1. With every protein chain kept in place and ligands, DNA and RNA left out, what is the accessible area per residue of the chain? Probe 1.4 Å, answer in Å².
2. Using 0.36 nm per residue, how much length does the chain from Glu79 to Lys50 gain when fully extended, once their Cα-Cα distance is taken away?
3. Using a Gaussian network model of the chain with C-alpha springs under 10 Å, which one of Glu42, Glu70, Glu79 is most mobile by mean-square fluctuation?
4. Taking H as built 1.01 Å from N, whose amide H comes closer than 5 Å to the amide H of Leu37, not counting residues under 5 places away?
5. When the accessible area of the chain is split by element with a 1.4 Å probe, what percent falls to carbon and sulfur?
6. Might you work out the accessible area of Met99 for me, using a 1.4 Å probe with all protein chains in place, and round it to the nearest 10 Å²?
7. State to the nearest 20 debye the size of the charge dipole of the chain about its Cα centre, where the only charges are +1 on K and R beta carbons and -1 on D and E beta carbons.
8. Do any trypsin sites (Lys or Arg not before Pro) in the chain lie in a loop, going by DSSP, with at most 14 other beta-carbon atoms within 10 Å of their beta carbon, and if so which?
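The values are calculated or read from the model by the stated rules, or taken from the named source; none is laboratory data. Worth saying up front: this structure is predicted, and the values here are computed from it rather than measured. So basically every Cβ, Gly included, is an ideal-geometry build from the backbone, and we count neighbours across all protein chains shown. Keep in mind that these areas ignore ligands, DNA and RNA; they rest on the heavy atoms of the full protein, side chains included. Shrake-Rupley method; radii C 1.70, N 1.55, O 1.52, S 1.80 Å.
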Amino acid sequence: MTDKNKVFSMIGLATRAKTVSGEFSTEKAVKTGKAWLVIVSEEASDNTKKMFTNMCTHYKVPIYLFGTKEELGHAMGQEFRASLSVEDAGFAKTLASRMNVNG
């Protein structure tokens, strides 16, 4: 299993634990302090990437641009997802370390 596949597997596990997806829910999680990590699809619009990057910088939440909308959605058992928030510190730490390795 490649590092990228491990990340998607972790997203799947995190989804069953504590993850929200979609622009509105992800934004709410960041602004209410529930988000430990935000992942935005590499395919997301420039406006979406900029909005989440600025927001996460302001609220000091790590953000990663990772995967396609389809890959993120599939990992979460959904159709397509451009953004998601991990609301569990342990999963967030593990995902961040895996994505840093993947680069």
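1. Numbers: 5820 Å² over 103 residues.
Accessible surface, normalised per residue, equals 56 Å².
2. Values: separation 29, 0.36 × 29 = 10.44 nm, distance 2.32 nm.
Result: 8.1 nm gained on full extension.
3. It is Glu79.
4. Those qualifying (amide H under 5 Å, at least 5 residues apart or on another chain) are Val86.
5. Details: 2950 of 5820 Å².
Heavy-atom surface of the chain belonging to carbon and sulfur, 1.4 Å probe: 51 percent.
6. Here the residue's solvent-accessible area equals roughly 10 Å².
7. Details: 14 positive and 11 negative charges, 78 e Å.
Dipole about the Cα centre, nearest 20: 380 debye.
8. Working: sites: Lys4, Lys6, Arg16, Lys18, Lys28, Lys31, Lys34, Lys49, Lys50, Lys60, Lys69, Arg81, Lys93, Arg98; in loops: Lys34, Lys60, Arg81.
Within the chain, the qualifying trypsin sites (Lys or Arg not before Pro) (loop, at most 14 other Cβ atoms within 10 Å) are Lys60.
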